[in-house]
(Lines give C-alpha, C1' and ligand atoms only; values in the text may rest on other atoms or scores of the structure.)
Protein backbone atom coordinates (compact mmCIF):
# COMPACT_ATOMS: atom_id res chain seq x y z
CA UNK A 1 0.00 0.00 0.00
CA UNK A 2 1.36 3.43 -0.94
CA UNK A 3 2.01 5.70 2.01
CA UNK A 4 0.94 9.28 1.38
CA UNK A 5 1.61 12.34 3.53
CA UNK A 6 1.02 16.08 3.26
CA UNK A 7 3.97 18.49 3.10
CA UNK A 8 4.46 22.26 2.92
CA UNK A 9 6.48 23.39 -0.11
CA UNK A 10 7.75 26.79 -1.12
CA UNK A 11 6.67 26.79 -4.77
CA UNK A 12 8.58 30.02 -5.48
CA UNK A 13 9.71 32.93 -3.29
CA UNK A 14 6.66 34.26 -1.45
CA UNK A 15 4.32 31.44 -2.53
CA UNK A 16 3.78 28.31 -0.43
CA UNK A 17 1.47 25.34 -0.91
CA UNK A 18 0.64 21.97 0.62
CA UNK A 19 1.33 18.95 -1.55
CA UNK A 20 0.67 15.23 -1.32
CA UNK A 21 3.95 13.32 -1.09
CA UNK A 22 4.65 9.59 -1.29
CA UNK A 23 6.64 8.07 1.56
CA UNK A 24 9.29 5.44 0.98
CA UNK A 25 8.89 2.02 2.54
CA UNK A 26 10.75 2.05 5.87
CA UNK A 27 13.86 -0.07 6.24
CA UNK A 28 14.86 -2.09 9.29
CA UNK A 29 16.69 0.89 10.78
CA UNK A 30 14.04 3.49 9.97
CA UNK A 31 11.14 5.02 11.87
CA UNK A 32 7.77 6.22 10.63
CA UNK A 33 6.83 9.40 12.49
CA UNK A 34 3.39 11.02 12.63
CA UNK A 35 3.86 14.75 13.15
CA UNK A 36 2.22 16.32 16.18
CA UNK A 37 3.53 19.86 15.76
CA UNK A 38 6.30 21.81 14.09
CA UNK A 39 7.75 25.26 14.57
CA UNK A 40 8.45 28.10 12.16
CA UNK A 41 11.97 29.46 12.63
CA UNK A 42 11.17 33.12 11.96
CA UNK A 43 14.66 34.24 11.02
CA UNK A 44 15.90 31.54 8.66
CA UNK A 45 12.58 30.28 7.35
CA UNK A 46 11.22 33.70 6.51
CA UNK A 47 14.48 34.52 4.73
CA UNK A 48 14.10 31.30 2.73
CA UNK A 49 10.45 32.16 2.08
CA UNK A 50 11.45 35.53 0.62
CA UNK A 51 14.12 33.92 -1.58
CA UNK A 52 16.95 35.64 0.30
CA UNK A 53 19.48 32.79 0.46
CA UNK A 54 22.58 33.87 -1.51
CA UNK A 55 23.61 31.48 -4.26
CA UNK A 56 26.99 31.08 -2.59
CA UNK A 57 25.23 29.66 0.50
CA UNK A 58 22.80 27.26 -1.19
CA UNK A 59 24.80 24.23 -0.10
CA UNK A 60 25.68 25.48 3.39
CA UNK A 61 22.05 26.40 4.10
CA UNK A 62 20.52 23.04 3.20
CA UNK A 63 18.33 21.60 5.96
CA UNK A 64 19.01 17.95 6.91
CA UNK A 65 15.91 16.60 5.13
CA UNK A 66 15.35 19.36 2.60
CA UNK A 67 13.85 18.46 -0.77
CA UNK A 68 14.30 20.70 -3.78
CA UNK A 69 16.69 23.60 -4.24
CA UNK A 70 16.80 27.29 -3.36
CA UNK A 71 15.10 29.54 -4.22
CA UNK A 72 12.35 27.02 -4.99
CA UNK A 73 10.51 24.77 -5.29
CA UNK A 74 11.89 23.65 -1.95
CA UNK A 75 10.63 21.84 1.15
CA UNK A 76 12.42 23.47 4.06
CA UNK A 77 12.20 23.40 7.85
CA UNK A 78 13.82 21.76 10.87
CA UNK A 79 11.60 21.95 13.97
CA UNK A 80 9.35 18.89 13.98
CA UNK A 81 7.95 16.84 16.87
CA UNK A 82 6.05 13.63 16.28
CA UNK A 83 5.07 10.19 17.48
CA UNK A 84 6.92 7.07 16.29
CA UNK A 85 4.33 4.76 14.72
CA UNK A 86 6.75 2.16 13.33
CA UNK A 87 10.35 1.41 14.14
CA UNK A 88 12.69 -0.19 16.66
CA UNK A 89 11.04 -1.32 19.88
CA UNK A 90 12.85 1.22 22.06
CA UNK A 91 11.36 4.08 20.02
CA UNK A 92 7.91 2.72 19.23
CA UNK A 93 5.26 5.01 20.69
CA UNK A 94 7.83 7.60 21.81
CA UNK A 95 7.51 11.33 21.19
CA UNK A 96 10.60 12.45 19.26
CA UNK A 97 12.18 15.59 17.85
CA UNK A 98 13.54 15.60 14.31
CA UNK A 99 15.16 18.22 12.08
CA UNK A 100 12.43 17.67 9.49
CA UNK A 101 10.35 20.14 7.43
CA UNK A 102 6.61 20.75 7.91
CA UNK A 103 5.09 17.40 6.94
CA UNK A 104 2.32 15.25 8.39
CA UNK A 105 4.25 11.93 8.32
CA UNK A 106 7.79 11.06 7.38
CA UNK A 107 10.28 8.19 7.23
CA UNK A 108 13.81 8.81 8.52
CA UNK A 109 16.65 6.74 9.98
CA UNK A 110 16.10 6.00 13.65
CA UNK A 111 19.37 7.78 14.36
CA UNK A 112 17.81 11.04 13.07
CA UNK A 113 15.25 11.32 15.87
CA UNK A 114 15.84 12.28 19.49
CA UNK A 115 13.40 11.12 22.19
CA UNK A 116 11.69 13.97 24.00
CA UNK A 117 12.18 13.64 27.78
CA UNK A 118 9.07 12.76 29.77
CA UNK A 119 9.09 16.14 31.50
CA UNK A 120 9.00 18.13 28.24
CA UNK A 121 5.61 18.68 26.53
CA UNK A 122 5.51 17.96 22.81
CA UNK A 123 4.28 21.47 22.12
CA UNK A 124 7.35 22.97 23.81
CA UNK A 125 9.80 20.52 22.25
CA UNK A 126 9.49 22.29 18.87
CA UNK A 127 11.92 24.81 20.36
CA UNK A 128 14.71 22.22 20.57
CA UNK A 129 16.46 23.36 17.41
CA UNK A 130 16.39 26.98 18.55
CA UNK A 131 17.64 26.16 22.04
CA UNK A 132 20.37 24.05 20.42
CA UNK A 133 21.59 27.19 18.63
CA UNK A 134 21.60 28.99 21.98
CA UNK A 135 23.57 26.18 23.65
CA UNK A 136 26.17 26.28 20.90
CA UNK A 137 26.41 30.06 21.18
CA UNK A 138 26.94 29.91 24.94
CA UNK A 139 29.63 27.28 24.41
CA UNK A 140 31.28 29.64 21.92
CA UNK A 141 30.94 32.65 24.24
CA UNK A 142 32.21 30.82 27.34
CA UNK A 143 30.88 33.39 29.85
CA UNK A 144 32.54 33.61 33.25
CA UNK A 145 31.01 33.97 36.69
CA UNK A 146 30.16 37.60 37.36
CA UNK A 147 30.13 38.64 33.69
CA UNK A 148 28.03 41.57 32.52
CA UNK A 149 26.13 40.37 29.46
CA UNK A 150 23.66 41.90 27.04
CA UNK A 151 21.61 39.97 24.49
CA UNK A 152 20.59 42.36 21.71
CA UNK A 153 17.55 41.16 19.79
CA UNK A 154 14.68 39.45 21.61
CA UNK A 155 13.65 37.09 18.84
CA UNK A 156 13.55 33.30 19.14
CA UNK A 157 17.34 32.96 19.22
CA UNK A 158 18.02 35.93 21.47
CA UNK A 159 15.37 34.90 23.98
CA UNK A 160 16.69 31.33 24.01
CA UNK A 161 20.23 32.58 24.67
CA UNK A 162 18.95 34.81 27.49
CA UNK A 163 17.05 31.89 29.02
CA UNK A 164 20.18 29.71 29.01
CA UNK A 165 22.37 32.50 30.40
CA UNK A 166 19.83 33.18 33.17
CA UNK A 167 20.92 29.88 34.73
CA UNK A 168 24.53 31.07 35.15
CA UNK A 169 25.56 32.15 38.66
CA UNK A 170 26.12 35.82 39.46
CA UNK A 171 25.93 37.11 35.90
CA UNK A 172 24.11 40.26 34.85
CA UNK A 173 21.94 39.41 31.85
CA UNK A 174 19.94 42.09 30.08
CA UNK A 175 17.73 41.42 27.07
CA UNK A 176 17.72 44.42 24.72
CA UNK A 177 15.09 45.05 22.05
CA UNK A 178 13.33 47.97 20.39
CA UNK A 179 9.92 46.37 21.03
CA UNK A 180 8.72 47.29 24.56
CA UNK A 181 6.35 44.31 24.61
CA UNK A 182 9.32 41.96 24.87
CA UNK A 183 9.81 43.12 28.47
CA UNK A 184 7.08 40.72 29.57
CA UNK A 185 8.90 37.81 27.93
CA UNK A 186 12.17 38.84 29.59
CA UNK A 187 10.46 38.75 32.99
CA UNK A 188 9.20 35.22 32.33
CA UNK A 189 12.72 34.16 31.38
CA UNK A 190 14.13 35.67 34.57
CA UNK A 191 16.28 38.38 32.99
CA UNK A 192 16.27 42.18 32.89
CA UNK A 193 15.00 44.11 29.85
CA UNK A 194 15.93 47.43 28.27
CA UNK A 195 15.22 49.42 25.14
CA UNK A 196 18.41 49.98 23.09
CA UNK A 197 18.93 53.53 24.35
CA UNK A 198 18.57 52.46 27.99
CA UNK A 199 20.77 49.35 27.89
CA UNK A 200 23.53 48.94 30.45
CA UNK A 201 27.05 49.29 29.10
CA UNK A 202 30.50 48.04 30.15
CA UNK A 203 29.54 44.54 29.02
CA UNK A 204 32.10 41.78 28.95
CA UNK A 205 29.98 39.99 26.38
CA UNK A 206 27.19 41.02 24.01
CA UNK A 207 25.31 38.38 22.06
CA UNK A 208 23.78 39.95 18.95
CA UNK A 209 20.68 38.37 17.43
CA UNK A 210 18.59 41.21 16.01
CA UNK A 211 19.69 40.72 12.38
CA UNK A 212 19.85 44.51 11.98
CA UNK A 213 22.72 46.88 11.29
CA UNK A 214 21.63 49.18 14.11
CA UNK A 215 21.50 46.27 16.53
CA UNK A 216 25.05 45.20 15.72
CA UNK A 217 26.30 48.78 15.98
CA UNK A 218 24.63 49.16 19.37
CA UNK A 219 26.15 45.85 20.48
CA UNK A 220 29.65 47.22 19.87
CA UNK A 221 28.78 50.38 21.80
CA UNK A 222 27.74 48.36 24.85
CA UNK A 223 31.09 46.61 25.23
CA UNK A 224 33.68 47.26 27.88
CA UNK A 225 37.27 47.49 26.62
CA UNK A 226 38.47 44.09 25.37
CA UNK A 227 34.85 42.89 25.27
CA UNK A 228 33.36 40.53 22.68
CA UNK A 229 30.30 40.66 20.46
CA UNK A 230 29.16 37.18 19.51
CA UNK A 231 27.25 37.51 16.24
CA UNK A 232 24.35 35.07 15.79
CA UNK A 233 22.41 37.00 13.17
CA UNK A 234 22.49 35.83 9.57
CA UNK A 235 21.87 38.51 6.98
CA UNK A 236 21.43 36.34 3.90
CA UNK A 237 22.05 38.44 0.81
CA UNK A 238 22.01 41.78 2.67
CA UNK A 239 25.15 43.89 3.13
CA UNK A 240 25.67 45.87 6.32
CA UNK A 241 28.18 48.51 7.38
CA UNK A 242 29.83 48.97 10.76
CA UNK A 243 31.86 51.72 12.48
CA UNK A 244 35.10 49.77 12.74
CA UNK A 245 37.08 52.98 12.86
CA UNK A 246 36.41 55.23 15.85
CA UNK A 247 37.24 53.35 19.08
CA UNK A 248 37.01 49.79 17.74
CA UNK A 249 40.78 49.26 17.67
CA UNK A 250 41.83 51.42 20.60
CA UNK A 251 39.37 49.57 22.85
CA UNK A 252 40.53 46.22 21.38
CA UNK A 253 36.99 44.97 20.75
CA UNK A 254 36.23 41.52 19.33
CA UNK A 255 33.51 40.65 16.80
CA UNK A 256 33.10 36.90 16.50
CA UNK A 257 30.71 34.71 14.49
CA UNK A 258 28.82 31.73 15.88
CA UNK A 259 26.82 29.23 13.84
CA UNK A 260 25.04 26.05 14.83
CA UNK A 261 26.18 24.08 11.76
CA UNK A 262 29.24 22.88 13.69
CA UNK A 263 29.59 21.96 17.35
CA UNK A 264 31.46 24.73 19.14
CA UNK A 265 35.21 24.23 19.03
CA UNK A 266 35.20 24.58 22.81
CA UNK A 267 33.22 21.32 23.10
CA UNK A 268 33.85 19.55 19.80
CA UNK A 269 36.30 17.04 21.25
CA UNK A 270 33.79 15.61 23.69
CA UNK A 271 30.31 16.45 22.36
CA UNK A 272 28.45 15.24 19.28
CA UNK A 273 25.50 16.83 17.51
CA UNK A 274 23.30 14.26 19.26
CA UNK A 275 24.70 15.22 22.66
CA UNK A 276 24.02 18.90 21.99
CA UNK A 277 20.43 18.27 20.91
CA UNK A 278 19.74 15.99 23.87
CA UNK A 279 21.03 18.69 26.23
CA UNK A 280 18.76 21.24 24.56
CA UNK A 281 15.72 19.02 25.09
CA UNK A 282 16.67 18.56 28.74
CA UNK A 283 16.77 22.34 29.18
CA UNK A 284 13.23 22.56 27.80
CA UNK A 285 11.90 20.97 30.99
CA UNK A 286 11.85 24.57 32.24
CA UNK A 287 8.33 25.98 31.65
CA UNK A 288 9.82 29.46 31.24
CA UNK A 289 10.45 28.52 27.60
CA UNK A 290 6.69 28.54 26.99
CA UNK A 291 7.01 32.32 26.70
CA UNK A 292 8.71 31.79 23.33
CA UNK A 293 5.58 30.24 21.77
CA UNK A 294 3.49 33.22 20.75
CA UNK A 295 1.18 31.90 18.03
CA UNK A 296 -0.07 28.78 16.32
CA UNK A 297 -2.11 27.56 13.39
CA UNK A 298 -3.33 24.34 11.85
CA UNK A 299 -1.02 22.78 9.28
CA UNK A 300 -3.50 23.39 6.45
CA UNK A 301 -3.38 27.11 7.29
CA UNK A 302 0.40 27.40 6.90
CA UNK A 303 0.35 28.60 3.24
CA UNK A 304 -1.78 31.54 4.37
CA UNK A 305 0.06 32.25 7.63
CA UNK A 306 3.71 32.07 6.53
CA UNK A 307 3.43 35.06 4.16
CA UNK A 308 2.01 37.09 7.06
CA UNK A 309 4.92 36.02 9.28
CA UNK A 310 7.49 36.85 6.58
CA UNK A 311 5.91 40.27 5.98
CA UNK A 312 5.86 41.11 9.69
CA UNK A 313 2.06 41.24 9.77
CA UNK A 314 2.00 38.42 12.32
CA UNK A 315 4.62 39.44 14.90
CA UNK A 316 5.87 37.25 17.68
CA UNK A 317 8.42 34.56 18.38
CA UNK A 318 7.92 30.86 17.61
CA UNK A 319 4.82 30.11 15.55
CA UNK A 320 3.67 26.56 16.25
CA UNK A 321 1.98 24.44 13.58
CA UNK A 322 -0.48 21.79 14.77
CA UNK A 323 -1.04 18.54 12.90
CA UNK A 324 -3.14 16.82 15.51
CA UNK A 325 -5.06 17.69 18.65
CA UNK A 326 -1.91 18.70 20.49
CA UNK A 327 -2.82 20.46 23.76
CA UNK A 328 -1.55 23.98 24.28
CA UNK A 329 1.34 25.07 26.46
CA UNK A 330 2.31 22.89 29.37
CA UNK A 331 0.61 19.70 28.27
CA UNK A 332 2.19 16.68 26.59
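The values are calculated or read from the model by the stated rules, or taken from the named source; none is laboratory data. Predicted model, so just to flag it, every value in this text is computed and none were measured. Note that we place each Cβ from the backbone using ideal geometry, even for glycine, and neighbour counts take in every protein chain shown.
Summary of computed values
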quantity	calculated
Output for the stretch 178-218, where each listed residue is in contact with a strand residue (DSSP E or B) (Cβ under 8 Å, 6 or more places away or on another chain), in a loop (DSSP other than H, G, I, E, B) and within 21 Å of residue 294 (Cβ to Cβ)	191, 195, 209, 210
Any hit, the stretch 235-250, residues being surrounded by 15 or more Cβ atoms within 10 Å (Cβ to Cβ), within 23 Å of the chain's Cα centre (by Cα) and closer than 25 Å to residue 171 by Cα	no
Which numbered condition residue 226 fails, given (1) over 24 Å from the mean Cα position of the chain (by Cα); (2) surrounded by 15 or more Cβ atoms within 10 Å (Cβ to Cβ)	(2)
Residue identified as loosely packed, with under 12 Cβ neighbours inside 10 Å and either within 24 Å of the chain's Cα centre (by Cα) or closer than 30 Å to residue 110 by Cα (or both) among 288, 269	269
Identity of the residue in the stretch 100-128, surrounded by fewer than 24 Cβ atoms within 10 Å (Cβ to Cβ) and in a helix (DSSP H, G or I), that ends up farthest from the chain's Cα centre (by Cα)	110
Criterion (modelled with pLDDT of 95 or more, crowded, with 24+ Cβ neighbours inside 10 Å and outside any loop (DSSP other than H, G, I, E, B)) met by exactly one of 138, 151	151
Test for residue 81: is it in contact with a strand residue (DSSP E or B) (Cβ under 7 Å, 6 or more places away or on another chain) and buried (at least 24 other Cβ atoms within 10 Å of the Cβ)	yes
Top-ranked residue of the stretch 85-99 - restricted to ones that are part of a loop (DSSP other than H, G, I, E, B) and touching a residue at least 60 places away in the same chain (Cβ under 8 Å), ranked as nearest to the chain's Cα centre (by Cα)	91
Hits in the stretch 43-84 (condition: under 13 Å from the mean Cα position of the chain (by Cα) and either under 23 Å from residue 112 (Cα atoms) or free of Cβ contacts under 8 Å to residues at least 24 places away in the same chain (or both))	44, 45, 63, 77, 78, 79, 80
Candidates 53, 31, 48, 40, filtered to the one that is crowded, with 21+ Cβ neighbours inside 10 Å and over 24 Å from residue 304 (Cα atoms)	31
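Okay, residues lined up against (1) outside the structural domain of residue 189 (by TED's automatic domain parsing); (2) out of contact with any helix residue (DSSP H, G or I) (no Cβ under 7 Å at 6 or more places or on another chain); (3) free of Cβ contacts under 8 Å to residues at least 60 places away in the same chain:
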{"site": "269", "(1), (2), (3)": "yes, yes, yes"}
{"site": "277", "(1), (2), (3)": "yes, no, no"}
{"site": "290", "(1), (2), (3)": "yes, no, no"}
{"site": "295", "(1), (2), (3)": "yes, yes, yes"}
{"site": "299", "(1), (2), (3)": "yes, yes, no"}
{"site": "304", "(1), (2), (3)": "yes, yes, yes"}
{"site": "312", "(1), (2), (3)": "yes, yes, yes"}
{"site": "317", "(1), (2), (3)": "yes, no, no"}
